[in-house]
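Enquirer: First the structure, which I've put down as structure tokens, then a few questions once you've had a look.
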Ligand SMILES: Cc1cc2nc3c(=O)[nH]c(=O)nc-3n(C[C@H](O)[C@H](O)[C@H](O)COP(=O)(O)OP(=O)(O)OC[C@H]3O[C@@H](n4cnc5c(N)ncnc54)[C@H](O)[C@@H]3O)c2cc1C
């Protein structure tokens, strides 16, 4: 459904809707895939997932920030969550997006924000992953990642299998904890595979290389059961120890599979996005899998605003029909 995908990608980039949604609270079924808005809700969500035997990586929603104050605010909020994780003794790490910390404003400013987060995390013995965003931010992200890796050992990053560069980067980061994904953005054919088969093939190759070439923990981040089962076969064949890999999935997606893998004794880490900037994230999830539109429809039809609007529309339609009928009788 490429058309629906493009519609949701466009909606995710709509600035008016992004701003409006921040004031609304979680709506349209977003609460099924977003862990909460406040630090307290985030802690509550992490505890709940930990109690189900899974770890968490939290993500403070928001990206492509253009104002330094917004970036500072995001940094402070992330540090608050990190401290709350430490105080509550939770099994959780953090995922940060550099465009949220000012990557598009100024490299040094962004690096300073990332450094503060990593220091706070180090104090609490917490790992931080630097997420990989769109290709336009890729090289700037890598510059900050490399700088942080020189200074900290509690930091890792992400490789996207659709990018041609990842085939080499996996060797560069072989001893680092890495999250491997297919890639969530729409990228040009000059830099990225376009065909699903090529992306999947490259993904499996990255997983195998990272599992066997270095010492870094491999986070296999996917909802694709085929990729997961093939990875498990490979892991068994090569006797890869349990503490060398984990499966990561997004909060609210394939809960059954998350539970099954946990019951089978695998480490499962749930990526929990939180915060009031949920709209673009939610739209991107719909773009990836338009079947998730069910989430929206179910929740929208239960929403009191929708019910009022639907009732209002009903009254107007009934009124119009009555008026037409009476006009005909005259
Ligand atoms: C923990 C995590 C972190 C991520 N971090 C990043 C990042 O930093 N940068 C980035 O670019 N991207 C990131 N992504 C997104 C990733 O790149 C993909 O866009 C996203 O995961 C969709 O691809 P997939 O591998 O899950 O499988 P897909 O290619 O979406 O699905 C493959 C198949 O799996 C099955 N399937 C998938 N989802 C479902 C479902 N919900 N229910 C039932 N069956 C399903 C279907 O059979 C489907 O055909 C992350 C993803 C995860 C899980």
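Enquirer: In Å and whole numbers, how far do the C-alpha atoms of region 223-283 stretch along each principal axis, longest first?
Expert: The principal-axis extents, from largest down, are 43, 21, 18 Å.
Enquirer: Grab the DSSP H runs of the chain that are 4 residues or longer, score each as -39,500 (n - 2.57), total them, divide by all residues and round the 222 nm result to the nearest 500 deg cm²/dmol.
Expert: That calculation yields -17000 deg cm²/dmol at 222 nm.
Enquirer: Another one. With r defined as the distance between the Cβ atoms of residue 139 and residue 80 and R0 fixed at 25 Å, what FRET efficiency is calculated, to the nearest 0.05?
Expert: That gives a FRET efficiency of 0.25.
Enquirer: Find the centroid of the Cα atoms in region 158-219 and in region 11-28, then give the distance between the two in whole Å.
Expert: Taking the Cα centre of each part, region 158-219 and region 11-28 sit 31 Å apart.
Enquirer: Could I ask something else about it? Simple spin-label model, 7 Å along Cα-to-Cβ: residue 168 to residue 119 in nm?
Expert: In this crude spin-label approximation the distance works out to 3.4 nm.
Enquirer: Same structure again: Along Cα→Cβ, 7 Å out, is where each label goes; now give me the distance between the ones at residue 47 and residue 236 in nm to one decimal.
Expert: It works out to 3.8 nm between the two label points.
Enquirer: Suppose each label sits 7 Å from its Cα in the direction of the beta carbon; what would the residue 264-residue 213 distance come out to in nanometres?
Expert: For residue 264 paired with residue 213, the spin-label model returns 2.6 nm.
Enquirer: Residues of region 225-263 with backbone nitrogen within less than 17 Å of a virtual label 7 Å along the Cα-to-Cβ line of residue 88, please, listed as ranges.
Expert: From region 225-263, the list is 251-252.
Enquirer: Once fully extended, how much extra length lies between residue 229 and residue 188, figured as 0.36 nm per residue of separation less the alpha-carbon to alpha-carbon distance?
Expert: Separation in residues times 0.36 nm, less the Cα-Cα distance, equals 11.8 nm.
Enquirer: Hey, another quick one. Relative contact order for the chain: what percent, with Cα pairs under 8 Å and sequence separation of 6 or more?
Expert: 25 percent
Enquirer: Antiparallel versus total DSSP beta bridges in the chain: what percent is that, nearest 5?
Expert: Of the beta bridges lying entirely in the chain, close to 5 percent run antiparallel.
Enquirer: Moving to a separate point now. Within region 30-63, what residues put their amide N at less than 17 Å from the label point 7 Å along the Cα-to-Cβ vector of residue 70?
Expert: 60-63
Enquirer: To check my understanding: the extent here is largest minus smallest coordinate of the Cα atoms along each principal axis. What are those three numbers for region 77-214, in Å, largest first?
Expert: Computed over the Cα atoms, the extents are 45, 35, 24 Å.
Enquirer: Using only the Cα atoms of region 35-277, what do you get for the radius of gyration and for Dmax, in Å?
Expert: Computed over the Cα atoms of region 35-277, radius of gyration and Dmax are 17.1, 51 Å.
Enquirer: Further question on the same structure: Looking at region 48-156, what % of the alpha carbon pairs are farther apart than 19 Å?
Expert: Of all Cα-Cα distances in region 48-156, 40 percent exceed 19 Å.
Enquirer: On alpha carbon coordinates alone, what is the Rg over Rh value for region 131-273, Rh being the Kirkwood radius?
Expert: 0.95
Enquirer: What whole-number value in cubic angstrom gives the convex hull volume per residue for the C-alpha atoms of region 100-150?
Expert: Expressed per residue, the convex hull around the Cα atoms of region 100-150 is 70 Å³.
Here, each number is a calculation from the coordinates, and none is a lab measurement. What you are looking at is a predicted structure, and each value in this text was computed from that prediction instead of being measured. In this analysis, Cβ positions are derived from the backbone assuming ideal geometry, glycine residues included, and neighbour counts consider all displayed protein chains.
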